[in-house]
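*Asks:* After the C-alpha cells below, expect a handful of questions from me.
The values are calculated or read from the model by the stated rules, or taken from the named source; none is laboratory data. Remember, predicted model here, so these are calculated numbers, not experimental data. Quick reminder, even Gly has a Cβ in these numbers, built from the backbone with ideal geometry, and neighbours come from all protein chains shown. These accessible areas exclude ligands, DNA and RNA; they are computed on the full protein's heavy atoms, side chains included. Shrake-Rupley method; radii C 1.70, N 1.55, O 1.52, S 1.80 Å.
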Amino acid sequence: MTRLDQIRAIEAKLLLPTYDRNPILFTGGEGVNLIDEQGQRYLDLLSGIGVNSLGYRHPVIEDAIARQSRKLIHTSNLYYHEGQAELALRLTEHTGLDRAFFANTGTEAWEGALKLARAYATLRRSEGANIGTKFLALEQSFHGRTYGAMSTTYKAKYREPFAPVVPGVEFVRFNDIDDLRAQFSTDVCAILVEAIQGEGGIRPLTQEFLAEARALASSTGALLLIDEIQSGMGRTGKWCAYQHYGISGAPADRSSSVGWIQPDITTLAKPLAGGVPLGAVLCTEEVSRAIHAGMHGTTFGGGPLACAVAIAVIDHIEKEGLLAHITEVGDYFQQQLRTLAARHECIVDVRGRGLMVAAEVDSAELGKTVVAEMLKRHILINCTSDTVLRFLPPYILERAHVDTAIAALDAILTEQAAHAAAPSAGGQHHA
Ligand SMILES: Cc1ncc(COP(=O)(O)O)c(C=O)c1O
C-alpha cells in the first residue's frame with residue numbers, strides 16, 4: 001500500500017466527505033511547481049485556487065514566517081501587535097478605502113462586510129434615513145460557505161440543503177442593468193458584486209453595469225460592496241479588479257478622486273498572505289461609523305504571523321513590479337488562448353484580466369476531460385461553472401510556462417477532436 005493509499009483509506013473513514021480529491025499526494029513545491037510524494041513536478045496554474053501568489057518556497061515568504069515565528073505567532077485582539085497597523089497602511093493605500101478589519105478567510109471577510117452593511121443601514125435609519133435591509137446580489141455569484149456568504153451565493157446547490165438561509169437576499173441577472181434598476185429601491189441596503197466573477201466563470205462586470213450599481217446605491221445611501229477575494233491583491237494586474245473601471249456617471253459624493261469606481265466596502269483574502277490564511281474587510285470612514293467596540297471580532301483574525309507575511313508579500317509585489325509582470329504575462333496567456341481558439345472551435349470564449357484567465361469550452365464533458373488530461377501531463381487547472389477552464393497561476397508565472405500549457409491544451413484538443421470525428425474508434429465524444 002502506498003502512502004497515498006493509506007491516507008485515502010483513513011480520510012475515507014474519518015473525514016466528512018466534503019471534497020472529491022484528485023488521487024495525488026503533494027509533499028512539496030518550488031516556484032510554480034507542486035511536487036508529489038515520488039518527486040514528480042506539476043506546473044500549478046491554479047495556485048491553491050488563487051492563493052499561492054508567489055508560488056512555493058518563495059524566500060520572501062519563508063523569511064517572513066521564520067522571522068515572525070521567532071518573535072510572536074499569536075496574541076489576541078485584546079492587545080496591540082506590530083502587524084495590523086502596518087498592513088492597514090498598505091491596504092488602505094492600495095484600495096483607496098479608509099479603514100480595515102482583519103479576518104482569517106474569504107467567507108469570514110464577506111460575512112463581516114455583510115454585517116457592516118446592515119449595521120450601517122441600522123445607523124442610517126436611526127438618523128432618519130429611509131433605507132431597508134435587503135441585499136441585491138448577482139446571479140452566478142460566489143461569496144463563500146458560511147451562512148451570510150452562502151445566502152448571498154447564487155447557486156441553489158450551495159444554499160438549499162442548509163435552508164432556511166439568511167433572509168432578505170434577491171438576485172439580479174448578471175450584467176442586466178434593466179433588472180438591476182427594476183429590483184433596486186429604498187428597501188435595498190447594499191448591492192453585492194464581484195468585479196470579475198470567479199467561481200461563476202471568470203466573468204467581468206461591464207463598465208456600464210458597475211457604474212449603474214454605484215449610481216443607484218449612491219442615490220439612496222445604500223452601499224456598494226465589491227468582493228475582491230479572488231480578483232484582488234494584484235491578481236488582475238491592479239490591486240483590485242474594480243480599479244479597471246473608470247468613473248462614469250457616479251455622483252460626486254461617492255466617486256472619490258481615485259479615478260475608478262470606488263466601493264463602500266471591499267473584501268480581500270486568498271492571495272493576501274501568499275498561502276497563510278488571512279482575510280480583510282476595507283471600508284470608507286463614513287461606513288465605519290456603524291461599528292463600535294464589541295460589535296464584531298475574531299480570535300485569530302489579523303494575527304502577527306499572517307500580517308507579517310502579507311506585508312512581506314505586498315512589499316515584494318511592489319519592489320519587483322509584479323503588477324506589470326502579471327499584466328504582461330496575462331495578456332500573453334490570453335493572446336495564446338485566442339490563437340488556440342482560432343484553431344479549435346470547441347473553445348467558445350477566452351476572457352479575464354491579468355492572471356485571472358478563462359477559456360470556455362462547448363461542453364461540460366469536454367471541460368472535465370481537458371482537466372483530467374492536463375493532470376496526466378502534470379499541469380494543474382480546474383473547470384468552473386461546468387464549461388469554463390480556469391487559470392489562476394502564481395504571479396511569478398513566465399511566458400515559457402504559458403507555452404507549456406498551450407502546447408498541452410493544443411495536443412489534448414486535437415486528440416479529442418480526432419476521437420469525436422471517429423467515435424467508433426473508442427474515443428471520448430465530447431459533443
Ligand atoms: C469571490 C469569492 N468570495 C469569497 C470566497 C470564499 O473564500 P474562502 O473559501 O476563503 O472562504 C471565494 C472563494 O472561492 C471567492 O472566490
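*Asks:* Given (1) open to solvent by 10 Å² or more (accessible area, probe 1.4 Å); (2) closer than 20 Å to V51 by Cβ, identify the lone condition not met by V281.
*Replies:* (1)
*Asks:* How do the pairs read when you match residues in segment 224-240 that are of a type in the set (F, W, Y) with residues anywhere that are away from the ligand (no atom under 11 Å from the Cβ) and in a loop (DSSP other than H, G, I, E, B), using Cβ under 7 Å and keeping only pairs 6 or more apart or on different chains?
*Replies:* What qualifies is W239/M233.
*Asks:* A further question on this structure: Would you be able to say whether some residue in segment 268-277 is open to solvent by less than 40 Å² (accessible area, probe 1.4 Å) and touching a Lys or Arg at 6+ places or on another chain (Cβ under 7 Å)?
*Replies:* Scanning segment 268-277 turns up at least one residue that is open to solvent by less than 40 Å² (accessible area, probe 1.4 Å) and touching a Lys or Arg at 6+ places or on another chain (Cβ under 7 Å).
*Asks:* Kindly list the number of the only condition in (1) more than 20 Å from the chain's Cα centre (by Cα); (2) touching a residue at least 24 places away in the same chain (Cβ under 8 Å); (3) at positive phi that fails for R118.
*Replies:* So R118 meets the others, but not (3).
*Asks:* So the check is Cβ under 6 Å with 6+ separation or different chains; which pairs have a first residue in segment 387-414 that's under 19 Å from D349 (Cα atoms) and a second one that's assigned to a loop (DSSP other than H, G, I, E, B) and charged (D, E, K, R)?
*Replies:* A408/R377
*Asks:* Report, by residue number, each residue of segment 44-57 that is assigned to a loop (DSSP other than H, G, I, E, B) and out of contact with any helix residue (DSSP H, G or I) (no Cβ under 8 Å at 6 or more places or on another chain). Step through it out loud before you land on a result.
*Replies:* Just the residues of segment 44-57 that are assigned to a loop (DSSP other than H, G, I, E, B), to begin with: 45-46, 51-55, 57.
L46, R57 - these are the residues of segment 44-57 that are assigned to a loop (DSSP other than H, G, I, E, B) and out of contact with any helix residue (DSSP H, G or I) (no Cβ under 8 Å at 6 or more places or on another chain).
*Asks:* A follow-up question, please. Give me the residue from segment 20-50 that is among the β-branched types (V, I, T) and away from the ligand (no atom under 16 Å from the Cβ) and, out of that set, surrounded by the most Cβ atoms within 10 Å (Cβ to Cβ). Spell out the reasoning first.
*Replies:* Taking segment 20-50 first, the residues among the β-branched types (V, I, T) are 24, 27, 32, 35, 49.
Adding the requirement that they be away from the ligand (no atom under 16 Å from the Cβ) leaves 24, 27, 32, 35.
Values: I24: 15, T27: 11, V32: 24, I35: 16.
Across segment 20-50, the extreme among qualifying residues is V32.
*Asks:* Might you let me know whether segment 237-245 holds any residue that is more than 11 Å from the ligand (Cβ to nearest atom) and either among the β-branched types (V, I, T) or modelled with pLDDT under 95 (or both)? It would help to see each step written out before you state the result.
*Replies:* Applying the first criterion (more than 11 Å from the ligand (Cβ to nearest atom)) to segment 237-245 yields 237-240, 242-245.
Keeping just the survivors that are either among the β-branched types (V, I, T) or modelled with pLDDT under 95 (or both) gives none.
The answer is no, given that none of the residues of segment 237-245 is more than 11 Å from the ligand (Cβ to nearest atom) and either among the β-branched types (V, I, T) or modelled with pLDDT under 95 (or both).
Matching residues to (1) of a type in the set (S, T, Y); (2) within 29 Å of R203 (Cα to Cα); (3) touching a strand residue (DSSP E or B) at 6+ places or on another chain (Cβ under 6 Å):
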site: H296; (1), (2), (3): no, no, no
site: A308; (1), (2), (3): no, no, no
site: I317; (1), (2), (3): no, yes, no
site: L322; (1), (2), (3): no, yes, no
site: L337; (1), (2), (3): no, yes, yes
site: V350; (1), (2), (3): no, yes, yes
site: A358; (1), (2), (3): no, yes, yes
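*Asks:* Something else: Here are F171, F135: which of them is closer than 22 Å to F209 by Cα, open to solvent by 10 Å² or more (accessible area, probe 1.4 Å), touching an Asp or Glu at 6+ places or on another chain (Cβ under 8 Å) and not in a loop (DSSP other than H, G, I, E, B)? Walk me through it before giving the result.
*Replies:* Numbers: F135 fails: open to solvent by 10 Å² or more (accessible area, probe 1.4 Å).
Being closer than 22 Å to F209 by Cα, open to solvent by 10 Å² or more (accessible area, probe 1.4 Å), touching an Asp or Glu at 6+ places or on another chain (Cβ under 8 Å) and not in a loop (DSSP other than H, G, I, E, B) holds for just one of F171, F135, which is F171.
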